[in-house]
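Below is one structure, written out as structure tokens; the observations come after it.
The values are calculated or read from the model by the stated rules, or taken from the named source; none is laboratory data. None of these values were measured; they are calculated from a predicted model. Please note: Cβ atoms are built from the backbone with ideal geometry, for glycine as well, and neighbour counts cover all protein chains shown. These accessible areas exclude ligands, DNA and RNA; they are computed on the full protein's heavy atoms, side chains included. Shrake-Rupley method; radii C 1.70, N 1.55, O 1.52, S 1.80 Å.
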Amino acid sequence: MRMPVRSAGAFCLSALTAALLLGCASASQPIVAGERPYDILIQNSRVLDGTGAPWFRADVAVRDGHIAAVGNLAGASAKEVIDARGQVLSPGFIDMHAHSDLSLLKDGRGMSKIMQGVTTEVIGEGVSVAPRHADDDDGQYGIKPDWTTLSGYFDRLRATGTSGNVMSYISAGQLRRYVMGEGAQRRPTAGELEQMKQLMADGMKQGAAGLVMALETPGSVQFPPEGDLSPAMPTTDELIEISKVAAQYGGIYATHLRDQGEHFEDGVREAALIGEKAGIPVEIFHLKAAGRPNFGKMAPALATLHEARARGIDIAADVYPYIAAAHPLSVEIPRWAHEGGTEKMLQRLADPALRPRLQAEVRKYMTTKYYNELTGASGADAVIVSSVPKSPGKYVGKTLGDIAREQGKDPYELVLDLSIEQDNKVGIVMYYMSEKDMVLALRDPFISFDSDGTAASPEFGGRPHPRWYGTFPRVLGHYVREQKVLSLEDAVRRMTSLPAQRLGLMDRGILRPGMWADLVLFDPDRVIDKASFESPHQYPEGISHVIVNGVTVIREGEHSGKLPGQPLLGRGAGSP
Ligand SMILES: [Zn+2]
């Protein structure tokens, strides 16, 4: 993995003599009198190096973007000195699955992420930023995309500037869209598959992290992936073929499983099969047993993952630490009603002849699946409206049950009406996971973390899932300190070196001389998430400093105005 600027390996390991001159001193090297000062000196911190080893007390010096020295650095001089007494210094956190593709072009500060200590996020899921046609209509946040390739997007990102580093997957859904047109309900021809593979290769050469696919379709997907599967979704074989190309360039295959509910374990097995057949590392996004009837399925799913690893398949997963998820309300509408695209679907929702059947199916789906363990509410009462384009004040933050009672209508009739009124653009947050399952995943040694969220700030408005702001501090404060589900050393390892390794970022994720200086300073006794479902736009507490590529972005909890983040290019970057 490389940043376009300069590789860490070349910087520190090339020549010992040069190392002294450049200040690449290791702990054992004395501070040379007259040496130019460090950029940053962090004194008296408890260092958690990201490997899972216990903390040790040391000073850490940063120069020219990299960690220059770790040890007793008394007497050293630096342009910026941070007294870290009582705090823990660790490598920056890596968010394995993020949706900041366009939001970072609106506000490069990416406040909801950098305030959590996230120094690298990986974007691209259902759609990815590239490849795209110049005239594709896919803007958001007032951003009009003007690139067609991944390199073009990265150029735009560099021009905007970002607090943190960004990696990107190429989505198989985006490849289909690009080659076969929007919403194609068929299998690709051999020629089209070939074209997708070529585009995948191009993406890898431009620095993609790998292939990604969100395999869940509206109306609950059934296995096997051949047969009854919506033809709008790639088959296992199609994914294996494209994954082989990503593998050639050192990429990974990342996936939102085809089914996270009834066929959760089949979904895990399919991911492992793709890893095996394509010879590619696999990352499962937000591992969850979704829906009340599926509570308890995390243990067998984790066993399946462990068993695959024992067979030599490099598969792992990430989670977010919440028992509620978020998605568009349209997912609640049965699959048959989606046939032919959004406009056709909205016509069906309004058709009096179809409404009773639709209403009954939505009722069955939602009442079976949604259940809030904390309150005992189920169905529409366990679903909160998070965003609507029209009159948000009337809906946002209320449960579908509340809105239905206000309007004196059946909540599942409301689902149809609201979808029509809001042009199918309703976002919801719904309770459908068990804490017990989630804790099992949080305890597992090869689970890392994802926000599945957007880098935003309170000015973005709406009522997003609190994971946008709270994921990492929630693990550290709630699950490490308060619930003692995992140790601090292990949590930090799984926020830093584990995801760095998965992404091939060999010069990040561990706090050691020569590595890029992505660092987080936090108080383990105070760190906690503040974002809630009621009030999600809240920054966490207890994280005082965040350093990216050797530059202090968060100082004493405030943004410094600096945007040192860079696109991080995958291993295939620059291949012929
Ligand atoms: Zn997803």
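Pull up the DSSP beta bridges for the chain and report the antiparallel fraction as a percent, rounded to 5.
55 percent
Peptides 378-385, 321-328: what's the order by average Cβ count within 10 Å, highest mean first?
Packing proxy ranking, top to bottom: 378-385, 321-328.
Can you list the residues, at least 5 places off or on another chain, whose amide H is less than 5 Å from the amide H of His97, using H built in the peptide plane?
Hits under the 5 Å cutoff: Val122, Ser451, Asp452.
Relative to the longest principal axis of the chain, what angle (0 to 90°, nearest 10) does the C-alpha long axis of helix 411-421 take?
80 degrees
Stretch Lys364-Arg311 to full length: gain in nm at 0.36 nm per residue minus the Cα-Cα span?
Between Lys364 and Arg311, full extension yields 15.1 nm more.
Angle, helix 236-248 long axis vs. longest principal axis of the chain, Cα atoms, 0 to 90°, nearest 10?
Orientation of helix 236-248: about 20 degrees from the principal axis.
Can you give the Rg and Dmax of the chain based on its C-alpha atoms, in angstrom?
23.8, 86
Report the local net charge at His97: Lys and Arg +1, Asp and Glu -1, summed over other residues whose C-beta lies under 15 Å from its C-beta.
Computed value for this residue: -4.
Within a Cβ distance under 11 Å of Leu511, other residues only, what is the Lys/Arg minus Asp/Glu net charge?
My count for the surroundings of Leu511 gives 0.
Which net charge results for the neighbourhood of Ala308, defined as the other residues with beta-carbon distances under 10 angstrom from its beta-carbon, given Lys and Arg at +1 and Asp and Glu at -1?
Residues close to Ala308 contribute a combined charge of 0.
Tell me, what is the 1.4 Å probe accessible area of Arg355, in Å² to the nearest 10?
Spelled out: Arg355, probe radius 1.4 Å, area about 40 Å².
Kindly work out what percent of the DSSP beta bridges joining two residues of the range 54-142 are antiparallel, to the nearest 5.
Of all bridge pairs located within the range 54-142, approximately 55 percent are antiparallel.
When you count, for each residue, the other Cβ atoms within 10 Å and take the mean per peptide, how do 459-465, 50-56, 263-269 rank with the highest first?
Final packing ranking: 263-269, 459-465, 50-56.
With a 1.4 Å probe and every protein chain left in place, work out the accessible area per residue of the chain in Å², rounded to a whole number.
Computed with neighbouring chains in place, this is 36 Å² per residue.
Say a paramagnetic label sat at a point 7 Å from the Cα of Asp146, along Cα to Cβ; which residues of the range 153-173 have their backbone N under 11 Å from it?
Only 156 pass the distance filter.
For helix 264-278, what angle does its Cα long axis make with the longest principal axis of the chain, in degrees from 0 to 90 and rounded to 10?
Between helix and principal axis, roughly 60 degrees.
Can you list the residues, at least 5 places off or on another chain, whose amide H is less than 5 Å from the amide H of Lys398, using H built in the peptide plane?
So Lys398 has HN proximity to Val385.
How much FRET efficiency would the formula 1/(1 + (r/R0)^6) give for Asp351 and Ala74, where r is the Cβ-Cβ distance and R0 is 51 Å, rounded to 0.05?
After rounding, the FRET efficiency stands at 0.10.
Per-residue HN-Hα couplings for the range 555-567, Karplus 6.51 cos²θ - 1.76 cosθ + 1.60 at θ = phi - 60°, whole Hz, x for Gly and Pro?
Result, ordered by residue: 10, 6, x, 10, 6, 7, x, 7, 10, x, x, 9, x Hz.
I want to check the label-to-label distance for Ser535 and Phe446. Put each point 7 Å from Cα in the C-beta direction and report it in nm to one decimal.
4.2 nm
How many Lys pairs in the range 307-445 lie less than 24 angstrom apart by Cα atoms, where the lysines are 8 or more positions apart or on different chains?
Taking the Cα cut-off of 24 Å, the pair count is 18.
Per residue of the range 93-108, in order, report the coupling 6.51 cos²θ - 1.76 cosθ + 1.60 (Karplus, θ = phi - 60°) as ³J(HN,Hα) in whole Hz, putting x for Gly and Pro.
7, 10, 9, 5, 8, 9, 10, 8, 2, 9, 4, 5, 7, 7, 9, x
How large is ³J(HN,Hα), in whole Hz, for each residue of the range 390-397 in order, when computed from phi with the Karplus curve 6.51 cos²θ - 1.76 cosθ + 1.60 and θ = phi - 60°, using x for Gly and Pro?
10, 5, x, x, 6, 10, 5, x
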